[in-house]
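The values are calculated or read from the model by the stated rules, or taken from the named source; none is laboratory data. Just so we're clear, the structure is a prediction, and the values are computed from it rather than from any experiment. Ideal geometry is used to build each Cβ from the backbone, glycine not excepted, and the neighbour counts take in all protein chains shown. Note: areas computed on protein heavy atoms with side chains; ligands, DNA, RNA excluded. Shrake-Rupley method; radii C 1.70, N 1.55, O 1.52, S 1.80 Å.
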Amino acid sequence: MEHSKHVARMALLVVFVLVVFHIVRTLFTPPSFGKYGHYRADNVTEQMSKQVIHGGSISCEPCHGEKQKDWAAQAHKSVQCEVCHGPIAWHISDGTKVADMPRSRSAAFCLRCHERLDGRPVGFPQIIPDEHLRKVGGEMGPEVCLSCHDPHAPALGG
Amino acid sequence: MIPELRLPQVIGFAFPNDVHIAWSLMIVLYPYLTGIVAGAFVISALYHLFGRRELKPISRFSLATSFGFMVVATLPLLNHLGHPERAFNIIFTPNFSSAMAGFGILYNTYLLILLLEIWFVWRKDIILIARRSRGLKRKIYAALALWTYDISEEALEKDHWAIRVLTAIGIPAACMLHGYVGFLFGALKANPWWSTPLMPIIFLASGMTSGVAMLIVLYQTAMKLGGGRIDSETIASLNRWLWLFMIVTVSLELLEIMTLAYEQSEAWEAIHPLLTTRLAFSFISVQLILGSLIPFILLMISVTMNRYLHDKVRNTLSFVSALLLLIQVFAMRWNVVIGGQLLSKSFRGFRETYAPQLFEKEGILAAVAIFCLAFVALFVFARVLPVFRSLEVPKGEEAEGELR
Amino acid sequence: MESEVTRRWFLKAFGGVALMLGVPAWGRPQGNGGEKSYNWEDFSYVYLIDVGRCIGCGMCVQACKRENMVPDGFFRTWIERYRIGEGGRVEVDSPNGGLNGFSSTIVDFKVTKAFFVPKMCNHCKNTPCTQVCPVGASYTTRDGVVLVDQKHCIGCGYCVQACPYGSRYLHPVTHVADKCTWCYHRITKGLKPACVAACPVKAREFGNMKNEQDPVRKAIATEPVLVLRPELLTRPNCYYRGLDKEVR
């Protein structure tokens with residue numbers, strides 16, 4: 001076609017750019033992409049391999065089995081060890097102890113579950129601190145709950 | 001290692017994760033820029049495809065403006081991304097159920113069309129400049145011409161044909177480039193302030209408005225600074241288009257609010273206080289009164305009494321309306337993007353405010369810098385290629401063949 | 001007393017402890033290797049929350065934060081407290097997501113009903129979030145868990161905007177999208193998510209719809225349960241027993 005050389009040349013340039021783009025795209029798409037769906041399949045195993053921090057109360061048993069015997073028979077057996085004492089990963093690393101577990105003695109910690117609040121189910125053991133102390137007789141203090149209750153065997157009177 | 005958390009004030013109850021704003025000033029700026037891109041292109045198309053001769057004086061300039069803003073349009077997005085180095089994932093592994101994945105294709109397609117159209121429009125000038133230059137400049141312009149130097153009547157005819165075709169496909173491409181952002185917001189059922197089928201049309205109409213407004217402001221400024229004459233027919237025509245586009249824009253924006261207010265579905269509980277308290281200034285004062293009502297009146301005067309107006313009056317009315325509308329469109333983007341994030345998906349609470357800092361990464365200075373960069377790009381373009389005139393082939397000069 | 005149950009629990013425990021010692025993870029989704037291979041075709045996870053049991057202690061939020069290193073101010077799971085009174089008065093709060101529990105703050109109306117609602121990513125069957133991810137970083141696994149590929153995510157934040165439940169956020173340090181993963185690294189090893197394990201009152205239960213004996217599956221099939229924002233048709237996999245109309 002006469003007088004169209006410039007059009008043809010531009011068209012060629014455009015095609016060249018598109019081809020280069022497709023080559024680059026193939027090179028840069030991650031290897032496992034698309035295997036199970038529109039995502040990087042390798043990520044599934046990456047997510048599975050993340051470190052487990054809480055081992056569950058069962059993971060405390062090898063060293064603290066004796067203590068657990070009390071706990072497992074009493075009212076707090078539904079409260080996992082790690083809920084109050086922190087996850088095992090804070091305590092053990094590579095089979096050796098790296099830190100002490102927290103042992104909160106404060107009344108505030110007990111009240112976190114056991115203060116009477118709107119919204120807590122009626123059957124759940126909960127108190128208004130001042131009223132409770134007046135009833136059982138006691139002085140308000142930072143660790144007052146522990147003066148009567150053992151956290152691993154909290155119910156009084158058997 | 002965790003950065004200092006500036007917890008924002010919350011009114012009412014917001015979902016805990018909702019207090020953090022994910023889309024900042026950068027995301028307000030991005031559709032603002034692409035709106036101008038699309039609007040400027042449509043004005044250029046009105047001449048190149050629809051033959052509106054009164055727009056010829058700015059037909060090239062509007063293409064250049066579209067280009068200038070197009071060049072910087074990705075910058076706010078790159079600045080906002082958590083991992084800009086992975087930005088190309090959008091075109092390497094696009095997930096096409098996502099409107100945002102369309103960005104890769106829409107941006108590059110429109111950029112290609114724009115560049116091609118610019119090439120065909122200015123090809124003759126490139127070759128003429130190459131012939132008159134020596135040394136490095138000559139080499140550069142020769143390369144821009146792709147080393148072909150045919151400027152005969154027949155070749156230019158082919159160029160005009162190409163320009164018409166490119167404009168024809170460029171209009172939907174430009175509209176898609178800007179409209180998809182509207183769809184991005186409008187198709188999100190999670191946010192009632194954004195979720196409406198009207199959103200792409202609103203974005204498009206306000207994009208047209210901002211494009212025409214920007215052309216008016218730039219054209220008048222360029223003529224004033226460069227000692228050129230402001231063509232009264234051109235300004236009159238731009239005024240008409242600006243008035244038309246702003247009427248459509250504001251009507252749609254008001255229609256959306258009216259429908260929400262009338263239907264009073266669950267979302268109205270959150271949207272009503274949003275509009276009357278959190279967005280009272282930016283929506284009612286800036287967007288509606290300053291940005292819509294006043295320009296509407298000014299343009300009404302300018303358009304209906306056009307033939308009675310002195311040039312200076314027309315130009316001033318035009319300039320002021322255009323400036324106000326540029327502010328209006330920015331306010332609209334702000335109210336949509338930021339407004340939608342001020343309200344929590346609990347529909348029971350709001351973030352008190354969003355105040356971008358001057359010096360932060362996605363802050364005011366960054367936004368101003370990117371915006372100014374568009375003008376810099378336009379300025380550079382105008383130095384390389386003539387934007388207000390077309391070089392004529394001198395008599396006797398050979399039309400085709402070698403470079404010489 | 002060596003019963004079959006104890007032996008199995010011990011195996012699981014040793015698996016757990018071995019993991020703590022840095023033993024490499026279990027094989028590919030359909031693979032072999034390790035003590036037991038995990039096949040995701042056998043699982044379709046589901047979560048059941050009993051609003052009536054929740055005491056708002058926030059131990060679940062705490063456990064999640066510790067298990068997944070959730071940054072301050074952001075939440076993979078959280079608790080909301082609703083106090084509803086006469087005249088349609090509703091007061092909702094979630095102090096720091098419930099991370100430190102709740103305290104007895106005063107409201108200026110008579111409370112006729114109140115409850116705590118645990119929330120997290122609902123791992124919807126019809127996800128609005130993976131739909132809008134532009135790069136395919138957010139996806140749903142074959143066992144029904146919605147995850148984010150932290151290495152592929154570009155941090156655009158579209159998924160955060162798309163979630164109607166507010167369960168996503170942009171991580172302030174890694175700058176990618178983040179959210180509850182139902183502790184995928186735990187459940188694929190036979191453990192429960194950290195929040196479920198921590199709950200002292202069985203307000204949170206986790207199950208497998210593909211297991212005919214699964215108690216959660218049975219509960220959902222036989223009892224009235226609700227999901228959040230059902231009208232949006234996201235088809236959540238988190239079901240609620242005892243949900244009130246005021247909860248969004």
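Table: residues versus (1) assigned to a helix (DSSP H, G or I); (2) open to solvent by 10 Å² or more (accessible area, probe 1.4 Å); (3) at pLDDT 95 or above; (4) not assigned by TED's automatic domain parsing to the domain that holds residue B:208.
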position: B:35; (1), (2), (3), (4): yes, no, yes, yes
position: B:51; (1), (2), (3), (4): no, yes, no, yes
position: B:63; (1), (2), (3), (4): yes, no, yes, yes
position: B:67; (1), (2), (3), (4): yes, yes, yes, yes
position: B:70; (1), (2), (3), (4): yes, no, yes, yes
position: B:75; (1), (2), (3), (4): yes, yes, yes, yes
position: B:79; (1), (2), (3), (4): yes, yes, yes, yes
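If you scan the range C:164-182, which residues turn out to be in a loop (DSSP other than H, G, I, E, B) and open to solvent by 10 Å² or more (accessible area, probe 1.4 Å)? Talk me through it step by step, then tell me what you get.
Initial filter on the range C:164-182 (in a loop (DSSP other than H, G, I, E, B)): C:164-168, C:171-176, C:179-182.
Scanning the range C:164-182 gives C:171, C:172, C:173, C:174, C:175, C:180, C:181.
Among the residues making up the range A:84-112, those that are assigned to a loop (DSSP other than H, G, I, E, B), open to solvent by 40 Å² or more (accessible area, probe 1.4 Å) and either closer than 16 Å to residue A:54 by Cα or aliphatic (A, V, I, L, M) (or both) are A:94, A:95, A:98, A:100, A:101, A:102.
If you take the residues of the range C:123-138 that are surrounded by fewer than 24 Cβ atoms within 10 Å (Cβ to Cβ) and facing another protein chain (nearest Cβ under 8 Å), which of them is nearest to the chain's Cα centre (by Cα)? Restricting to residues being surrounded by fewer than 24 Cβ atoms within 10 Å (Cβ to Cβ) and facing another protein chain (nearest Cβ under 8 Å), the top hit is C:128. Do the conditions hold for residue A:65, that is, is it closer than 30 Å to residue A:125 by Cα and in contact with a helix residue (DSSP H, G or I) (Cβ under 9 Å, 6 or more places away or on another chain)? For residue A:65, the condition - closer than 30 Å to residue A:125 by Cα and in contact with a helix residue (DSSP H, G or I) (Cβ under 9 Å, 6 or more places away or on another chain) - is not met.
Restricting the search to the range C:48-71, which residues are over 13 Å from residue C:118 (Cα atoms) and either facing chain A (nearest Cβ under 9 Å) or of a type in the set (A, V, I, L, M, F, W, C) (or both)?
Filtering the range C:48-71 for residues over 13 Å from residue C:118 (Cα atoms) gives C:63, C:65-71.
C:63, C:66, C:67, C:68, C:69, C:70 - these are the residues of the range C:48-71 that are over 13 Å from residue C:118 (Cα atoms) and either facing chain A (nearest Cβ under 9 Å) or of a type in the set (A, V, I, L, M, F, W, C) (or both).
Return the residue satisfying two criteria in turn: it lies in the range A:39-67 and is assigned to a loop (DSSP other than H, G, I, E, B) and open to solvent by 80 Å² or more (accessible area, probe 1.4 Å), and of such residues it is farthest from the other protein chains (Cβ to nearest Cβ).
Here is the first cut: in the range A:39-67, the residues assigned to a loop (DSSP other than H, G, I, E, B) are A:39, A:41, A:49-56, A:60.
Next cut, open to solvent by 80 Å² or more (accessible area, probe 1.4 Å) only: A:50-51.
Working: A:50: 4, A:51: 7 Å.
Here the answer is A:51.
Among the residues in the range C:206-220, are any at positive phi and open to solvent by 20 Å² or more (accessible area, probe 1.4 Å)?
Within the range C:206-220, the subset at positive phi is none.
Looking through the range C:206-220, none of the residues is at positive phi and open to solvent by 20 Å² or more (accessible area, probe 1.4 Å).
If we scan the range B:353-361, do we find a residue that is modelled with pLDDT under 95 and surrounded by 22 or more Cβ atoms within 10 Å (Cβ to Cβ)? There is no residue in the range B:353-361 that is modelled with pLDDT under 95 and surrounded by 22 or more Cβ atoms within 10 Å (Cβ to Cβ).
Given the structure, is residue B:383 out of contact with any helix residue (DSSP H, G or I) (no Cβ under 7 Å at 6 or more places or on another chain), assigned by TED's automatic domain parsing to the domain that holds residue B:183 and part of a loop (DSSP other than H, G, I, E, B)? For residue B:383, the condition - out of contact with any helix residue (DSSP H, G or I) (no Cβ under 7 Å at 6 or more places or on another chain), assigned by TED's automatic domain parsing to the domain that holds residue B:183 and part of a loop (DSSP other than H, G, I, E, B) - is not met.
Within the range B:127-155, being in a helix (DSSP H, G or I), buried (at least 17 other Cβ atoms within 10 Å of the Cβ) and more than 9 Å from every other protein chain (Cβ to nearest Cβ) holds for B:127, B:128, B:129, B:130, B:131, B:141, B:142, B:144.
Return yes when residue C:106 is more than 7 Å from every other protein chain (Cβ to nearest Cβ) and either open to solvent by less than 60 Å² (accessible area, probe 1.4 Å) or not hydrophobic (A, V, I, L, M, F, W, C) (or both) and no when it is not. I'd like the intermediate steps shown before the answer.
Details: more than 7 Å from every other protein chain (Cβ to nearest Cβ): yes; either open to solvent by less than 60 Å² (accessible area, probe 1.4 Å) or not hydrophobic (A, V, I, L, M, F, W, C) (or both): no.
No, not satisfied.
Among the residues making up the range B:295-322, those that are open to solvent by 70 Å² or more (accessible area, probe 1.4 Å) and among the β-branched types (Val, Ile, Thr) are B:297, B:304, B:316.
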